[in-house]
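Okay, so here's the structure we're looking at.
The values are calculated or read from the model by the stated rules, or taken from the named source; none is laboratory data. Note that this is a predicted model, so its numbers are computed, not measured. Cβ sites come from the backbone with ideal geometry, for glycine too, and all protein chains shown count toward neighbours.
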Amino acid sequence: MKPASDLLMVDDNPADVALVCEALAANKHRSRLHSVGDGVEAMAFLNHRDKYANAIRPDLVILDLNLPKKDGLAVLTAMKAAPDLRQIPVVIFSTSLLRKDIVRSYDLGANCYVSKPGNLNDFFFAVKSMEEFWFGFVNLPPRGE
Amino acid sequence: MNENEVDILLVDDSQEDVELTLHALRTEGLANHVFIARDGEEALDFLFCTGPHAQRSFDHPPKLVLLDLKMPKVDGMQVLKQIKDDARTKTIPVVLMTSSREERDMAEGYELGVNSYIQKPVDCDEFRKVVKLLGLYWLVTNRPPITNATPQVAKQAP
């Protein structure tokens, strides 16, 4: 069995974080969910700054687009420009279906774009399929130190 | 098949792997618009609308490229690099699907911007399972970039 994976969810909606947590709890991959509520916190977590000095390097980032302080595309840009962070796969998980958001996300190096469904069952399905795909089959980049 | 309606560009020089992949996609109803390139050069001609594919349009990219690593003429890493280095093609999702277990290949793939990296399972049943999940994830769960400027009304026909 693969070792447990760490997932960082960047989302300002606590209800969405709780739903993802619930969806993951029912699955077999034993993923650990870490969450932050805005883009500045996300960069602090990823760069081990301040209260995140001991934060783990996540295997996957699930990133909302509309975030306070620093939006999702700015976080994505910063991650892909940082040599030590650019290999971490980023899944954009957003309610936006705007073509410009989807194309811009890929353009900036997002690994995939999953629209956040409004319906509860569809939401659970999307989260489970993300987990199954990324933690069940994909070879994630080596963590390094 | 109309070359402008390709969902998946499958790039693999192994006949056996191509057949297994198509079979798995077919059982999920995902194999109707698959184009097969046998080496990296053919894949690049297809993606960059050159050579025998000069009639294709950049406005209709595949929704997914499934790319093997070790291939004749131009290898998978070179194909990936060219896709991700060019503004016309960089948004196309590319999944490296390879038998390589080299950590170096995995790291290089992600460094060059691969969307995901999957080791080909040796076991046939496991292979089918992976392809099925891969197809469903990228063609159903994932939202592909649509780079053409006008809405795809043609999809409504006939």
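Quick check: anything in segment A:19-31 acidic (Asp, Glu) and closer than 24 Å to A:GLU132 by Cα? The answer is yes, given that some residue of segment A:19-31 is acidic (Asp, Glu) and closer than 24 Å to A:GLU132 by Cα. Among the candidates A:VAL75, A:VAL138, the residue that is more than 12 Å from chain B (Cβ to nearest Cβ) and touching a residue at least 24 places away in the same chain (Cβ under 8 Å) is uniquely A:VAL75.
For segment B:32-55, check the following and say yes or no: at least one residue is closer than 19 Å to B:LYS129 by Cα and surrounded by fewer than 18 Cβ atoms within 10 Å (Cβ to Cβ).
yes
Taking the criterion of being farther than 21 Å from B:THR141 by Cβ and over 16 Å from the mean Cα position of the chain (by Cα), would at least one residue in segment A:102-115 satisfy it? No, every residue in segment A:102-115 fails to be farther than 21 Å from B:THR141 by Cβ and over 16 Å from the mean Cα position of the chain (by Cα).
Within segment B:78-93, the residues that satisfy the criterion of being free of Cβ contacts under 8 Å to residues at least 40 places away in the same chain and surrounded by fewer than 20 Cβ atoms within 10 Å (Cβ to Cβ) are B:GLN78, B:LYS81, B:GLN82, B:LYS84, B:ASP85, B:ASP86, B:ALA87, B:LYS90.
Residues in segment A:92-125 that are touching a strand residue (DSSP E or B) at 6+ places or on another chain (Cβ under 6 Å) and more than 9 Å from chain B (Cβ to nearest Cβ) were compared, and the one that is modelled with the highest pLDDT is A:PHE93. Filtered by the rule that a residue be assigned to a loop (DSSP other than H, G, I, E, B) and under 12 Å from the mean Cα position of the chain (by Cα), segment B:1-37 gives B:VAL6, B:ASP7, B:ASP12, B:HIS33.
Determine whether segment B:136-144 contains at least one residue that is closer than 29 Å to A:PHE123 by Cα, facing chain A (nearest Cβ under 10 Å) and part of a strand (DSSP E or B). Yes - at least one qualifying residue is present in segment B:136-144. Give me the pairs, please: first residue somewhere in segment B:102-113 and on the phi > 0 side of the Ramachandran plot, second residue anywhere and in a helix (DSSP H, G or I), beta-carbon distance under 9 Å, and either six or more positions apart or on two chains. Close Cβ pairs satisfying both conditions: B:GLY113/A:LYS80; B:GLY113/B:LEU80; B:GLY113/B:LYS81; B:GLY113/B:ILE83; B:GLY113/B:LYS84; B:GLY113/B:ASP85.
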